[in-house]
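Report on the following structure.
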Amino acid sequence: MERHFQTLGIPPDAGILEVKRAYLRMKNLYAEGSLATYTLLDDEERRDKLEAIEEAYQALSHGLAQRSVSPPFREEQEGPEPPPIDPADSPGLFLKRLRESQGLPRSEIASRTKISTTTIDCIEQERFDHLPAPVYLRGFIHEYARALGYPDPAGLASLFLERFRQQSSDT
């Protein structure tokens, strides 16, 4: 599978949307008549490259679709589900659990929201000293919650900012 990700030029934790975008981008790049590769490849090399791109896309899209339909097999017995998190108690952990319950990697949220994975990590861990100013943070939390389909992103952003201010005043 690693080779397929490399063929499309994407990280191994890429989601289905990222795979589709990379596939279309690479297919256009190596298409017959593409100015970007016109003088670099002969017809046989171009055909080979397009076949590799098609094979990578088919394998990855099928693999990712299977992964989203059936949960991964685990040899050990899974313990009980962790208790639900109240967003008011820990909005960052709430967002993390919500993201994980949907099987989404941080990179997928970063792709959807244009928020860096580092910032997403800091939000989830509530590392307030590494987060941007509240004016930016409100928008980040709102977009993150919206990307996960949370029904009240503005309310969650307010809860997070309240916690942010409490932490800032405690230090």
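The values are calculated or read from the model by the stated rules, or taken from the named source; none is laboratory data. These figures come from a predicted structure and were not determined experimentally. Positions of Cβ are backbone-derived with ideal geometry, glycine not excepted, and every protein chain shown enters the neighbour counts.
A count restricted to segment 142-153 and to residues that are surrounded by fewer than 13 Cβ atoms within 10 Å (Cβ to Cβ) and either in a helix (DSSP H, G or I) or not assigned by the TED database to the domain that holds L98 (or both) stands at 0. Flag: R106 matches the condition of being at pLDDT 80 or above, assigned by the TED database to the domain that holds L159 and not hydrophobic (A, V, I, L, M, F, W, C). Could you list, in sequence order, all residues of segment 119-128 that are touching a residue at least 12 places away in the same chain (Cβ under 8 Å) and part of a helix (DSSP H, G or I)? Within segment 119-128, T119, I120, D121, I123, E124, Q125, F128 meet the criteria.
For L95, work out the one condition from (1) under 19 Å from the mean Cα position of the chain (by Cα); (2) of a type in the set (A, V, I, L, M, F, W, C); (3) surrounded by fewer than 19 Cβ atoms within 10 Å (Cβ to Cβ) it doesn't fulfil. Condition (3) is where L95 drops out. Within segment 66-77, is even one residue aromatic (F, W, Y) and modelled with pLDDT of 90 or more? No - not one qualifying residue is present in segment 66-77.
When only residues in segment 113-141 that are among the β-branched types (V, I, T) and surrounded by fewer than 17 Cβ atoms within 10 Å (Cβ to Cβ) count, which is farthest from the chain's Cα centre (by Cα)?
Let us first name the residues in segment 113-141 that are among the β-branched types (V, I, T), namely 113, 115, 117-120, 123, 135, 141.
Now narrow it down to the ones that are surrounded by fewer than 17 Cβ atoms within 10 Å (Cβ to Cβ): 117-118, 135.
On the way: T117: 8, T118: 12, V135: 23 Å.
Residue satisfying both the conditions and the ranking: V135.
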